[in-house]
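This report refers to the structure that appears directly beneath it.
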Amino acid sequence: MENNKGKVKDGVEGDGDGEDVDEIGLYEKAGAVAFEALKKGAKMAKPGVKLLEIAEKIEKGIVESGAGIGFPVNLSLNENAAHYTPKFDDDLAIGEKDVLKIDVGTHVEGYIGDCALTLDFSGENGKLVEAGANALEAAVAFIRPGKKTGEVGAVIEEEIRKLGFRPVENLTGHYLAKFKLHAGGEIPNVARAGGFEIEEGDVFAIEPFASTGAGYVAEAGLVEIFELIEKRPMRQREARKILDYAETRFRGLPFAERWLHSEFGSGLMMRSALRELVLSGSLHQYPVLHDKKGSLVSQSEYTVVVEKDGARILTK
Ligand code: MN
Ligand code: MN
């Protein structure tokens with residue numbers, strides 16, 4: 001997934017209990033599982049296949065690998081850039097000419113792997129996919145300790161524009177920390193003055209989005225993904241139970257509404273509780289983000305660790 005919360009770098013060092021833990025080793029494990037899951041999803045994604053079936057298979061595979069799910073599998077089609085995860089009864093299937101982004105997240109003991117790729121089923125949008133993939137490779141090749149995040153954005157923007165597309169300016173990559181998908185600190189997809197200095201040991205996701213549309217995404221009404229922000233006193237008992245569940249089961253990582261159904265059902269009570277939780281500020285919601293109607297967006301994403309001589313890809 002991506003970041004559009006507009007945070008600045010803060011608290012990236014984690015929660016302070018990591019001194020004796022091989023954090024990079026755990027990131028490596030999470031990254032390897034995420035990449036395998038992504039490949040599995042790409043293999044089964046074909047016109048006619050239902051998105052729900054793909055999401056459930058990928059998520060099941062992650063759990064069977066012994067890792068945790070970092071966030072609900074995002075399967076965003078065409079002008080939808082991010083945050084579409086199927087509803088529990090979703091019938092939507094891939095169309096013959098669709099452009100599909102598969103975005104997968106895992107974690108091992110809270111250390112996250114986040115990666116994405118784009119599939120073009122018509123065969124007519126190869127350049128759009130290439131633009132995002134080129135931008136990602138160029139960013140990885142450019143990154144070194146001492147470079148500024150704004151400079152990475154410039155590299156990404158140049159690669160995408162070179163092939164005639166627009167980078168999506170209000171979606172960014174993001175730093176990762178233990179049980180924090182968006183740890184503060186953005187990797188922009190367009191040139192920005194300054195930013196902050198990249199340091200050895202930093203772990204972040206880089207995720208260029210290339211678009212045939214405006215290069216700017218807006219929020220749709222559709223929301224299937226939520227995340228715990230803070231446990232606040234709730235009027236509805238069901239809402240309190242969902243908060244506890246989000247804390248103990250998902251540990252503050254994003255979750256899908258469909259993941260609540262086995263415990264809370266799919267009825268009015270659950271949905272009304274979710275609404276109260278969002279309105280009270282206990283839960284953050286991730287609406288589907290889309291560019292202009294009829295446009296197409298591609299996404300490519302790796303999680304990397306910054307080493308002395310450059311960035312090493314963890315989701316590969
Ligand atoms: Mn991401
Ligand atoms: Mn992602």
Descending Cα extents along the principal axes, the range 40-111, whole Å: 38, 22, 21
Quick one: pull the percent of accessible area on the chain belonging to carbon and sulfur, 1.4 Å probe, ligands and nucleic acids left out. 49 percent
Rounded to two decimals, what ratio of Rg to Rh does the range 100-169 give with C-alpha atoms and a Kirkwood Rh? 1.04
Going by accessible area, probe 1.4 Å, with all protein chains left in place, what is the ranking of 280, 295, 65, largest first? 65, 280, 295
What one gets for the range 146-214 as the Kirkwood radius, inverse of mean 1/r over different Cα pairs in Å, is 12.3 Å
Send over a whole-number figure in Å² for the accessible area per residue of the range 224-287, probe 1.4 Å. 50 Å²
Which of the residue pairs 57/101; 57/293; 97/293; 60/87; 50/316 have a Cα-Cα distance greater than 18 Å in the structure shown? 57/293; 50/316
Enumerate the calculated ³J(HN,Hα) couplings along the range 117-130 in order (Karplus 6.51 cos²θ - 1.76 cosθ + 1.60, θ = phi - 60°), each rounded to whole Hz, writing x wherever the residue is Gly or Pro. 8, 10, 10, 10, 7, 7, x, 9, 10, x, 5, 5, 5, 4
Summing -39500 (n - 2.57) over the DSSP H runs of n ≥ 4 in the chain and dividing by its residue number, what mean residue ellipticity at 222 nm do you reach, to the nearest 500 deg cm²/dmol? -9500 deg cm²/dmol
Candidates 183, 67, 218, ranked by Gaussian network fluctuation over the chain, Cα under 10 Å, top entry: 218
Give the separation of the Cα centroids, the range 206-228 to the range 142-199, in Å. 16 Å
Kirkwood Rh (inverse of mean 1/r, distinct Cα pairs), the chain, angstrom: 19.5 Å
262, 122, 76, ranked by accessible area, largest first (probe 1.4 Å): 262, 122, 76
Rounded to the nearest 10 Å², the accessible area of residue 309 using a 1.4 Å probe with every protein chain kept is 110 Å²
Please give the per residue volume of the convex hull enclosing the alpha carbon atoms of the range 224-287, rounded to a whole number of Å³. 71 Å³
Hull-based mean projected area of the range 158-316, where the convex hull spans the alpha carbons, in square nanometres: 11.8 nm²
What is the log10 of I(q)/I(0) for the range 53-162, computed with the Debye formula using one identical point scatterer on each Cα and no solvent, at q = 0.10, 0.11 Å⁻¹? -0.38, -0.46
From highest to lowest solvent-accessible area (probe 1.4 Å; ligands, DNA and RNA excluded), 303, 248 read 248, 303
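The values are calculated or read from the model by the stated rules, or taken from the named source; none is laboratory data. Computed from a predicted structure; not experimentally measured. Surface areas here come from the heavy atoms of the whole protein model, side chains and all, with no ligands, DNA or RNA. Shrake-Rupley method; radii C 1.70, N 1.55, O 1.52, S 1.80 Å.
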